[in-house]
Structure formats: structure tokens, C-alpha cells
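Worksheet: the structure to be examined is printed underneath.
Values in this text are rule-based calculations from the coordinates and carry no lab data. Small disclaimer: the values here were computed from a predicted structure and weren't measured. Here the Cβ positions follow ideal geometry from the backbone for every residue, glycine too, while neighbour counts run over all protein chains shown.
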């Protein structure tokens with residue numbers, strides 16, 4: 001199922017959608033998953049990470065997120081590129097779409 005582009009964008013009066021299976025589609029869903037705490041979304045209660053802000057195992061949680069929710073993806077590189085004293089980690093994720 002296609003998804004709305006976020007932040008919301010409109011073209012010719014219609015909301016822009018990202019086509020399922022495309023790189024921009026997965027980039028958006030991975031980004032949303034990283035900032036979503038498990039149990040936060042009632043419709044998909046297992047989607048997200050335990051709490052990337054306060055969990056020292058954030059890198060492992062990202063791999064679990066992908067394995068559970070996006071089996072069609074293979075993570076080729078996961079690098080922590082920045083960590084600040086406020087508990088925020090920034091990651092760079094490279095992935096391939098299988099099939």
C-alpha cells in the first residue's frame with residue numbers, strides 16, 4: 001500500500017504519495033520507525049524501537065525493527081555518525097531492496 005509523503009506535500013491539489021516498494025517509501029517508513037516507541041501506535045503496537053533516546057542498544061533495536069517489519073530489506077551498513085550528551089544518536093542506514 002502506498003503511503004503519504006511526510007512532511008505532507010501537495011501537488012495539483014492532491015497529497016503526494018510514495019509508491020510501495022520504492023527507496024523513498026522505505027526511507028520514510030524506516031525514519032518513522034526509528035522515532036516511534038514500541039506500543040505507541042495502537043494499530044501497529046509492535047512497530048518501532050524500545051526507546052532509541054534512552055537505550056544503549058539502539059543500533060541493535062534498529063536491526064530488529066527492520067527484520068520484523070521489513071523482511072524485503074537487507075541492511076548493508078548501519079553507522080552511528082553522531083552521539084550527543086543529550087542522549088540523541090544519529091545513524092546512517094544503507095539498505096538494499098530484495099527482489
Exercise for the section: Mind checking the full-extension length gain between residue 37 and residue 78? Use 0.36 nm per residue of separation minus the Cα-Cα distance, one decimal, nm. Expected result: 12.8 nm
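Kindly rank 1-10, 26-35 from highest to lowest mean number of other beta carbons found within 10 Å of each residue.
Going by the mean number of other Cβ atoms within 10 Å, highest first, we get 26-35, 1-10.
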